[in-house]
1. What residue, among those in segment 46-70 that are outside any loop (DSSP other than H, G, I, E, B) and among the hydroxyl-bearing types (Ser, Thr, Tyr), is surrounded by the fewest Cβ atoms within 10 Å (Cβ to Cβ)?
2. Give the residues of segment 141-173 that are in contact (Cβ under 8 Å) with a residue 12 or more places away in the chain, among the charged types (D, E, K, R) and more than 24 Å from Trp196 (Cα to Cα), sorted by residue number.
3. Confirm whether Met224 is open to solvent by 50 Å² or more (accessible area, probe 1.4 Å) and either part of a loop (DSSP other than H, G, I, E, B) or not polar (S, T, N, Q) (or both).
4. Only one residue in Glu137, Glu153 is at pLDDT below 90 and either surrounded by 15 or more Cβ atoms within 10 Å (Cβ to Cβ) or closer than 24 Å to Ala7 by Cβ (or both). Which one?
5. Please work out which residue is farthest from Leu256 (Cα to Cα), limiting yourself to segment 193-222 and to residues that are of a type in the set (A, V, I, L, M, F, W, C) and in contact with a Lys or Arg (Cβ under 9 Å, 6 or more places away or on another chain).
6. With (1) more than 27 Å from Val198 (Cα to Cα); (2) modelled with pLDDT of 95 or more as the list, and Ile78 as the residue in question, which single condition is left unmet?
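The values are calculated or read from the model by the stated rules, or taken from the named source; none is laboratory data. Note that the structure is predicted; figures quoted are calculated from it, not measured. Heads up, the Cβs are rebuilt from the backbone with ideal geometry, glycines too, and the neighbour counts pull from every protein chain shown. SASA here: full protein model, heavy atoms, side chains in, ligands and nucleic acids out. Shrake-Rupley method; radii C 1.70, N 1.55, O 1.52, S 1.80 Å.
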Amino acid sequence: MNDQQRATILDSTSRFPIHQGVKLSYGTAGFRADGSILSSTVFRVGILAALRSLKTKSVIGLMITASHNQVSDNGVKIADPSGGMLTQEWEPFADKLANAGSAEELVRVSLSEVVKSMESDIQFQSSKCYKELLICEFTKEENISFEGKHHAEVLLARDTRPSGEYLLEAAKQGINSIVGAIATNMGILTTPQLHWMVRCRNKGHMVSEPAYFDQLSNSFRCLMDLIPKDNTTYVMDEHLIVDGANGVGGEKLVELKKMLSGLVIEVRNSGKKGEGVLNEGVGADFVQKEKVIPHGFDSNDLGIRLVIYSRVFIFTILFTWLIEKTKGPVKLDKAS
């Protein structure tokens, strides 16, 4: 790591002090917490994403979302070149990077593992040793070059949470702290949309939201074509009602349904201004835990086919209402 790169990282890191007493762990959902305490974490995940791009010599994705959590929460996770989740081998480094309270403390965490067999009174003459050690050591172990021909490139996106805007800016600054890195803001997207874009970019394709909708709608038409034309034993109900959980998934489905034929979709709790609060009294997580129907539905909806969003457009629950009262218990007839 040259002096310019070292100075850039140290200067950027100083602008995002960590919240003391907060310890996070990277898992399948990435890092999650109250959005007000995540700026330092998201900044450091920006660094992580840029390093991952250098390692793989590929485009990486960084998504800011807390999926089905309450609106005050937020989170951040990385999409690998294949469009899948961050490889588990990098999760321990993500934890160390996110949880170091300061540059010096960050190094002490790493140092205890590196020199635990050495004398306890070892002194380092330069504070630079402390400040760069974790990243420097990790990049050496992973054979990551800061001066190669490949520059890091990261696609960023967020959901509709208010905290997403400033957290995305923190992520951009983290990415840009790696000299030559490119951070491209793809806007407000669902998590699958960003994963799809990362995968397609690494296959050499141009990516956009309309291209995503085109592929999805074409795939749906191909699926519909598999239904036998002379089928008389099964008549498909073309009507489907979707609880959009007042999130980004509902907003995107409103656009997608314009491109679908053979299916009439009604989106409730779509996320329109004034319609409701994200995941408050709506969404699959709410229905599963509380065993009551989501806002916007009542006993008049008995027998409908309903899809409820969970984890921002990834997982859904499909079931038939079996209720006696407007806010009575919900029995799931079939889930997927």
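1. Thr56
2. Once the filter is applied, which keeps residues that are in contact (Cβ under 8 Å) with a residue 12 or more places away in the chain, among the charged types (D, E, K, R) and more than 24 Å from Trp196 (Cα to Cα), segment 141-173 yields Glu142, Glu147.
3. On the way: open to solvent by 50 Å² or more (accessible area, probe 1.4 Å): no; either part of a loop (DSSP other than H, G, I, E, B) or not polar (S, T, N, Q) (or both): yes.
In short, no.
4. On the way: Glu153 fails: at pLDDT below 90.
Sole residue among the options that is at pLDDT below 90 and either surrounded by 15 or more Cβ atoms within 10 Å (Cβ to Cβ) or closer than 24 Å to Ala7 by Cβ (or both): Glu137.
5. Within segment 193-222, the first condition is being of a type in the set (A, V, I, L, M, F, W, C), and the residues that meet it are 194, 196-198, 200, 206-207, 211, 213, 216, 220, 222.
The next check asks that each one be in contact with a Lys or Arg (Cβ under 9 Å, 6 or more places away or on another chain); those that pass are 207, 213.
Numbers: Val207: 16, Phe213: 6 Å.
Across segment 193-222, the extreme among qualifying residues is Val207.
6. Answer for Ile78: the failing condition is (1).
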